[in-house]
Amino acid sequence: MNTCHSPGRCVGCLSCYWACPYEARELVEAWPDEGGQVTVYVDGKPLRVPGSVTVAKALEYLGFRFSPPGSRGVSLACGTGGCWACAVVVDGRLERSCITPVRDGMRIELDTGMYRPLRVVHGPEPHLVGGKGTPWWEVNYVDYVEAAIWVAGCNLRCPQCQNYHVTYDNTSAPLTPEEAAKLVAYYQRRYSTRGIAISGGEPTLNRRWLVEFFSHVTRFVGRGVRRHLDSNGTLLTPDYVDELVEAGCNNMGIEPKCVRVETYMRITGIRDRELAENYLSTAWRAVEYVYGNYRDRVYLGVGLVYNRALVSMEEIAEAGDRIASIDPNIQVTVLDYFPTFRRRWLRRPSLSEMLEVKRVLEERGLRTVIVQTELGHVGPGDRRLGYLSYRPGPPS
């Protein structure tokens, strides 16, 4: 899933540290000059840098400023090698600067414009349930609802990451946006799904890749096919949303997870409070922006999470109030966090707990609440899927 790109000579990229589900790695501070000095050529200019660092760290030593995550420039978005947003040209090939060690004589070029962006992709495969933004009336646990792919790399560090085997994959061969779009379009046709979807990891990290992916998918599938983005919302600024909609994205599931910064830090593993505040506020603003500007063009779903060890019922109610203030008809899906990755000690919420979450949200005025449970999905209303009867019917 996650391999070291500098075996025998740690360069401090931390990819293995973040990826290990057993927390088997420890951080030990070392001086970068312990590896001596090497000469690298940046855009043809010879420069001396420490020999025991990554390409990214060497570039930072030389004064190069990476773009913010979610922008179109080269950015240190995931830091674990899956999203390829940090890629620069190394010895004539696109390569990830965050996990690649420098070596003497290496030639680095910073202009990547002539190269197609890359990303580690899992799938495609037909999907029965869909994501946070999949319209509820399409899901019946019988028919495939979406042809989905999952992309590696995430800017969060959730200790209970439910897709960690995708999120921290820096080993699989990457795909271009067009290659991924062709694959998912093939599966959409083969299984006659109503939508295609991209999830992760966090899809929005590599902006150029994602926008091009939606542009290609829009060309490859029929006009009536949903084009669904599942995102944590942390990088979905208004201009980014505009660009995605223009590229053909017409279905968004955005997951702020909660409303309180302290809870958000506990859930996501983000230790920098200022960064956590920024991520959380950006996600909620994205919900408001998509609804306020594109509700006639984009089907919107909002994702919350629940486990009593992480989120209280009082905060669930606060989140319900916030969504209801935008529109009580917005589809809301609540994931039940279960024991996995670094939080194997969690106890999965019972069916009765998740029904209580649903009741609390509906008491706040929300009309389209779905909760994920260990036995299937419940909602909207008394609709139950996965273990009891299914009563089909689109919304009136």
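Below are the figures for this structure:
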item	result
Those strands (runs of 3 or more DSSP E) lying entirely in the stretch 324-396 with at least 1 residues closer than 14 Å to Met313 by Cβ and modelled with pLDDT of 95 or more	331-336, 369-373
Within the stretch 247-286, tally of residues that are over 20 Å from Tyr164 (Cα atoms), of a type outside the set (Lys, Arg) and assigned to a loop (DSSP other than H, G, I, E, B)	6
Identity of the residue in the stretch 135-165, under 24 Å from Leu183 (Cα atoms) and among the aromatic types (Phe, Trp, Tyr), that ends up surrounded by the fewest Cβ atoms within 10 Å (Cβ to Cβ)	Tyr141
Test: residue in the stretch 69-80 that is of a type in the set (A, V, I, L, M, F, W, C) and more than 25 Å from Leu236 (Cβ to Cβ)	no
Residue match in the stretch 163-175 (condition: among the aromatic types (Phe, Trp, Tyr), farther than 23 Å from Val334 by Cβ and not assigned by TED's automatic domain parsing to the domain that holds Glu212)	no
Some residue of the stretch 6-19 being within 30 Å of Ala173 (Cβ to Cβ), in a loop (DSSP other than H, G, I, E, B), of a type in the set (A, V, I, L, M) and at pLDDT 90 or above	yes
Members of the stretch 170-197 found to be in contact with a Ser or Thr (Cβ under 9 Å, 6 or more places away or on another chain) and either small (Gly, Ala, Ser) or crowded, with 23+ Cβ neighbours inside 10 Å (or both), listed by number	Asn170, Pro177, Ala181, Gly195, Ala197
Filtered residue count, the stretch 287-301, keeping only those that are surrounded by fewer than 18 Cβ atoms within 10 Å (Cβ to Cβ) and not in a helix (DSSP H, G or I)	3
Pairs where the first residue, in the stretch 123-145, is touching a residue at least 60 places away in the same chain (Cβ under 8 Å) and among the small types (Gly, Ala, Ser) and the second is buried (at least 20 other Cβ atoms within 10 Å of the Cβ) and in a loop (DSSP other than H, G, I, E, B), C-beta under 7 Å, 6+ apart	Gly130/Val139; Gly130/Val145
Condition met for Glu23 (outside any helix (DSSP H, G or I) and at pLDDT below 90)	yes
Residue in the stretch 50-71 that is part of a loop (DSSP other than H, G, I, E, B), under 19 Å from the mean Cα position of the chain (by Cα) and small (Gly, Ala, Ser) present	yes
Matching option when the condition is farther than 19 Å from Leu300 by Cβ, in the same structural domain as Glu277 (by TED's automatic domain parsing) and touching a residue at least 40 places away in the same chain (Cβ under 8 Å), among Arg219, Arg194, Arg208, Arg223	Arg208
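The values are calculated or read from the model by the stated rules, or taken from the named source; none is laboratory data. None of these values were measured; they are calculated from a predicted model. Quick reminder, even Gly has a Cβ in these numbers, built from the backbone with ideal geometry, and neighbours come from all protein chains shown.
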